[in-house]
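Values quoted throughout were computed directly from the atomic coordinates according to the rules given, and no laboratory measurement underlies them. Given the structure is predicted, the values throughout are model-derived calculations rather than measurements. Backbone-built Cβ (ideal geometry, glycine too); neighbour counts: all protein chains shown.
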Amino acid sequence: MNFDQLKEQWNNEDSNVHIPETIEQLKESKHPIEKVQKSMKKEFPAQVIAIILIGFFPLQFKFPSSQYLIYYISYVMMVVISTYYLYGFYKFYKQTELYTGNTKNSLWKIYHELKLNMERYQSFGFLLLPHFLLTLGLVIYNTLEEKGKTLSEITNTSQTALIVTVLLGTIFVVASIILWTKYIYGRPAKQLENILNEIEE
C-alpha cells in the first residue's frame, strides 16, 4: 500500500484526522538546508582567513613595537572566542550533512539548530567589536602622535565628533551583522518554518 492509499484509508476511518503531504513537504525542506550548507561552505574558510589577516594589522597600520603587546593580548582573546564559535559553526555544518528530511522531528531539530546558530553567529560578530574598537583607538592615537598631538590637546568639538563617529560606527556594524545574518540564513529558516507550519496544519 502506498502513502496516498494509506492517507485515503485513514481519512475515511476518521474524518477529524488529517494527514498532510508530509513526504513531499519534507523533501522540499532539503532545498533550504542545501542553501544553508552552500553559504556555510563559503563563509567558514573566509572567516578563518580573515582572522589570520587581522593578526597582521600592526604591520599594516605601522604600530610602534611598544603597542604590540596591547594589540596581541586583545588578538589572542579574539582568536580564542573565534575558535569556540567556529567550532560550533563546523559542528552545525556536519549536522546538516546528516539530515535526511524523512521525519518531521528531524526537520524541527534542524530548524531549531539553525535558529540557534543564527543567534550564535550574531553574538560572534558582536564579541569581535571590542578588538576592532581597540584597533581603531590605536590607529587614532598613532595618527595624532605623528602630528605631534595628544588626545588631551584636541578640541572639545573634535572629541565629541570622535565619540559620535565611534557610536554611529558601532551601531552600523551591529545593524550590518544582524542584516547579513538574516540575508544569508533568514530566508532558508523562513522556508523551513513555512514547511513546518504546513505540516502542523
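Filter the trypsin sites (Lys or Arg not before Pro) in segment 136-193 down to the DSSP loop ones having no more than 13 other Cβ atoms within 10 Å, then list what survives. Walk me through the numbers before you get to the answer.
On the way: sites: LYS147, LYS149, LYS182, LYS190; in loops: LYS147, LYS149.
Those that pass, being in a loop and sparsely packed, are LYS147, LYS149.
Which pairs, out of LYS41/LYS104; LYS42/LYS91; LYS115/LYS182; LYS104/LYS190, put more than 19 Å between their alpha-carbon atoms?
LYS41/LYS104
Give a residue-ordered list of calculated ³J(HN,Hα) values for segment 178-195 (Karplus: 6.51 cos²θ - 1.76 cosθ + 1.60, θ = phi - 60°; whole Hz; x for Gly, Pro).
Those phi angles translate into 5, 5, 5, 4, 5, 5, 7, 10, x, 5, x, 5, 5, 4, 5, 4, 5, 5 Hz.
Could you please tell me the mean projected area of the C-alpha convex hull for segment 83-168, averaged over all directions and given in square nanometres to one decimal?
7.9
With the convex hull built on the Cα atoms of segment 53-201, state its orientation-averaged projected area in nm².
Approximately 11.6 nm², given one-decimal rounding.
Just grab the label-to-label distance for VAL76 and TYR183, each label 7 Å out from Cα along the Cβ direction, in nm (one decimal).
Between VAL76 and TYR183, the simple spin-label model gives 3.6 nm.
Restricted to Cα positions, what overall size does segment 161-201 have along the principal axes? Three whole-Å values, descending.
55, 16, 5
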